[in-house]
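K.L.:
Structure provided below as structure tokens; questions to follow.
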Amino acid sequence: MNNQTIGLYQGIALYIAAILGSGVLFLSSVTASIAGPASIMSWIIVILMNIPIAFSFGYLAKLYPDAGGAATFVRKSFGYHLGNLVGWFYFVTGTIGQTIVSLTGAYYLCESISVLNGKTIYMALVILTLAGIFNYLGVKTSGKVALFLSSCLLFLLVTTVVITLPKISWGNFTPFMPNGWFSIGSAITVIFWAFFGWEAICNLAKNFKKPETNIVRSTMISAGIIGVLFLILSFVTIGTATYGNTESNLSPISIMMGETVGLNAKLLTGILAFIICTGTCNAFFASLTQLGYSLSRDGAFPKYFASVDSKSGLPKRMVVFVVFIAMGGVLGTSVLSLTFEDILFIPTSLGILVYILSMAAGLKLMDKSQIAWWTSLVSFISCVLVLPFFKLYIIVPAIITGLYIVYMIIRPKKNEVEQPLYQKINR
């Protein structure tokens, strides 16, 4: 069965849905709260960092198309266990991330519709359910849905920027750096959440039409669009001083639309945010399903999840598992009275290590005659330089590493047969 259903425009749409997603809906105000107007410098730095990162991931996906994505690159470079560990890092990053995404969309919707006040958890579960259904139907549906939802997202962002620009006050840009230089680095660690996703589409590389051209092209086109949108949104958020309290930090676009156009615009924004976050979960579920299948196939996850549906060719058990874990995260935040801001450090601390190890793999898999080798080098150095700003949060990868070691010790020995299967596939 031919599953090459993702064309250039669908690839761009999937990237935009995966990268912009929920981050664009709240991070401009969160970073402004951390670093003040100087947060715009943090955005510029991360945007520049992500151009070579995006290119490197796109090139690696073209060279080594496999459901394992980043885990495949690292495993081929540094061995079975380190590759598996990267897969675990990204799997946890993605599943916890979708908890944040779904809560963001639900918060926007519930804040704009009074009858839904206090129903954020329920609406988040609805988002996850819808995204799960889309993926259960197959990658072709996911690509078409992502194309539509990315169009909605672009419409919302462009509209917000256009109607808000006249409201900007230059006085809001002073003092420029109220919290010192270190705050710029702290904001950078948060902004990385907004740019996680380049690795997500790598897991879908085998589903691209003309992968030799479309993967890298869709990556770079998306990087340009996304960088411009993030930078302009940060500018208008600071210029209108839409940050500094709980409501503005969680839904700055909704507030800007409401104050500029009126309550009807706030309602429309809430509905669109709900739809957009569903699209983001949809894109990530597609990626996580392929990654989870790959890990199961290669013995790093239970073999039960390596089963694929005979008709669609999809690992539907893994689809259900991914949705279940994300829902558990949403329910956990409710029980523990947490917000997505409280758990944001979990996926960012894991994600940065996925990037570092993936770029190190790029250096080993390619040679200096390729542009992608140099972009991998630049990306590796820049990501390593960010690590000190994570401070004690870096303990999260250590915990996941410990869990991986425990699993590999207690797993059924029959899973050992899966390792040669991976080696055979990737010779």
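K.L.:
Tell me which residues, restricted to segment 263-318, are touching a residue at least 24 places away in the same chain (Cβ under 8 Å) and charged (D, E, K, R).
P.N.:
Lys266, Arg297, Asp298, Lys303, Lys316
K.L.:
Residue under question is Val216, and the condition is that it be at pLDDT below 80, open to solvent by 10 Å² or more (accessible area, probe 1.4 Å) and within 30 Å of Gly58 (Cβ to Cβ); does it hold?
P.N.:
So Val216 passes the test.
K.L.:
Have a look at Val378, Val406, Val354, Val417 and point out the one that is open to solvent by 60 Å² or more (accessible area, probe 1.4 Å), part of a helix (DSSP H, G or I) and modelled with pLDDT under 90.
P.N.:
On inspection, the qualifying residue turns out to be Val417.
K.L.:
Could you tell me whether Ala146 is open to solvent by less than 30 Å² (accessible area, probe 1.4 Å), among the hydrophobic types (A, V, I, L, M, F, W, C), within 30 Å of Tyr64 (Cα to Cα) and modelled with pLDDT under 75?
P.N.:
Yes: the conditions hold for Ala146.
K.L.:
Another question, then. Scan segment 238-258 and give yes if some residue there is touching a Phe, Trp or Tyr at 6+ places or on another chain (Cβ under 8 Å), polar (S, T, N, Q), at pLDDT 85 or above and part of a helix (DSSP H, G or I), otherwise no.
P.N.:
No, segment 238-258 contains no residue that is touching a Phe, Trp or Tyr at 6+ places or on another chain (Cβ under 8 Å), polar (S, T, N, Q), at pLDDT 85 or above and part of a helix (DSSP H, G or I).
K.L.:
Additional query: It is to be established whether one or more residues within segment 38-54 are among the hydrophobic types (A, V, I, L, M, F, W, C), in contact with a Pro (Cβ under 9 Å, 6 or more places away or on another chain) and open to solvent by less than 10 Å² (accessible area, probe 1.4 Å).
P.N.:
The answer is yes, given that some residue of segment 38-54 is among the hydrophobic types (A, V, I, L, M, F, W, C), in contact with a Pro (Cβ under 9 Å, 6 or more places away or on another chain) and open to solvent by less than 10 Å² (accessible area, probe 1.4 Å).
K.L.:
In addition: Among the numbered conditions (1) among the polar types (S, T, N, Q); (2) within 25 Å of Ile184 (Cβ to Cβ); (3) modelled with pLDDT under 90; (4) open to solvent by less than 20 Å² (accessible area, probe 1.4 Å), tell me where Thr333 comes up short.
P.N.:
Thr333 satisfies every listed condition except (2).
K.L.:
Being within 19 Å of Ala71 (Cα to Cα), modelled with pLDDT of 75 or more, among the aliphatic types (A, V, I, L, M) and in a helix (DSSP H, G or I) narrows it down to one of Leu295, Leu229, so name that one. Don't jump to the end; show me each part of the working.
P.N.:
Values: Leu229 fails: within 19 Å of Ala71 (Cα to Cα).
Exactly one of Leu295, Leu229 is within 19 Å of Ala71 (Cα to Cα), modelled with pLDDT of 75 or more, among the aliphatic types (A, V, I, L, M) and in a helix (DSSP H, G or I), namely Leu295.
K.L.:
Run Ser251 past the list (1) more than 16 Å from the chain's Cα centre (by Cα); (2) open to solvent by 10 Å² or more (accessible area, probe 1.4 Å) and report the number of the one that doesn't hold.
P.N.:
Every condition holds for Ser251 apart from (2).
K.L.:
Let me ask another. Restricting to segment 357-375, and then to whatever is among the charged types (D, E, K, R) and free of Cβ contacts under 8 Å to residues at least 24 places away in the same chain, can you tell me which residue is least open to solvent (accessible area, probe 1.4 Å)? Explain how you work it out, then say what you get.
P.N.:
Taking segment 357-375 as the starting set, the residues that turn out to be among the charged types (D, E, K, R) are 364, 367-368.
Still in the running and free of Cβ contacts under 8 Å to residues at least 24 places away in the same chain: 367-368.
Details: Asp367: 78, Lys368: 132 Å².
Ranking the candidates gives Asp367 first.
K.L.:
Okay, moving on. Consider segment 319-330. How many of its residues are touching a residue at least 12 places away in the same chain (Cβ under 8 Å), within 19 Å of Gly138 (Cα to Cα) and surrounded by fewer than 24 Cβ atoms within 10 Å (Cβ to Cβ)?
P.N.:
2
K.L.:
Residue by residue through segment 55-97, note down the ones that are open to solvent by 30 Å² or more (accessible area, probe 1.4 Å) and within 21 Å of Ile371 (Cα to Cα).
P.N.:
Result: Phe55, Tyr59, Lys62, Leu63, Tyr64, Pro65, Lys76.
K.L.:
Restricting to segment 385-400, and then to whatever is loosely packed, with under 14 Cβ neighbours inside 10 Å and at negative phi, can you tell me which residue is modelled with the lowest pLDDT?
P.N.:
The extreme case among them is Leu392.
K.L.:
Then there is this: Does segment 259-282 hold any residues that are among the aliphatic types (A, V, I, L, M) and modelled with pLDDT under 75, and which are they?
P.N.:
Val261, Leu263, Ala265 - these are the residues of segment 259-282 that are among the aliphatic types (A, V, I, L, M) and modelled with pLDDT under 75.
K.L.:
Turning to a different aspect of this structure: Could you list, in sequence order, the residues of segment 152-195 that are open to solvent by 70 Å² or more (accessible area, probe 1.4 Å) and closer than 28 Å to Gly11 by Cβ?
P.N.:
Phe155, Val158, Val162
K.L.:
Quick one: Gly292 ticks every box in (1) open to solvent by less than 10 Å² (accessible area, probe 1.4 Å); (2) within 25 Å of Leu27 (Cα to Cα) except a single one, so which number is it?
P.N.:
Of (1) open to solvent by less than 10 Å² (accessible area, probe 1.4 Å); (2) within 25 Å of Leu27 (Cα to Cα), only one is false for Gly292: (2).
K.L.:
Got a sec? Which of Leu272, Leu331, Leu338, Leu314 is under 27 Å from Ser254 (Cβ atoms), outside any helix (DSSP H, G or I) and of a type outside the set (Asp, Glu)?
P.N.:
Among Leu272, Leu331, Leu338, Leu314, only Leu338 is under 27 Å from Ser254 (Cβ atoms), outside any helix (DSSP H, G or I) and of a type outside the set (Asp, Glu).
K.L.:
Also, I was wondering about something else. Might you let me know whether segment 299-309 holds any residue that is in a helix (DSSP H, G or I) and open to solvent by less than 10 Å² (accessible area, probe 1.4 Å)? I'd like the intermediate steps shown before the answer.
P.N.:
Start the filter on segment 299-309 by keeping residues that are in a helix (DSSP H, G or I), which leaves 303-306.
Still in the running and open to solvent by less than 10 Å² (accessible area, probe 1.4 Å): none.
No.
The values are calculated or read from the model by the stated rules, or taken from the named source; none is laboratory data. Remember, predicted model here, so these are calculated numbers, not experimental data. Glycine gets a Cβ as well: all are built from the backbone with ideal geometry, and neighbour counts include every protein chain shown. For accessibility, only protein heavy atoms count, side chains too; no ligands or nucleic acids. Shrake-Rupley method; radii C 1.70, N 1.55, O 1.52, S 1.80 Å.
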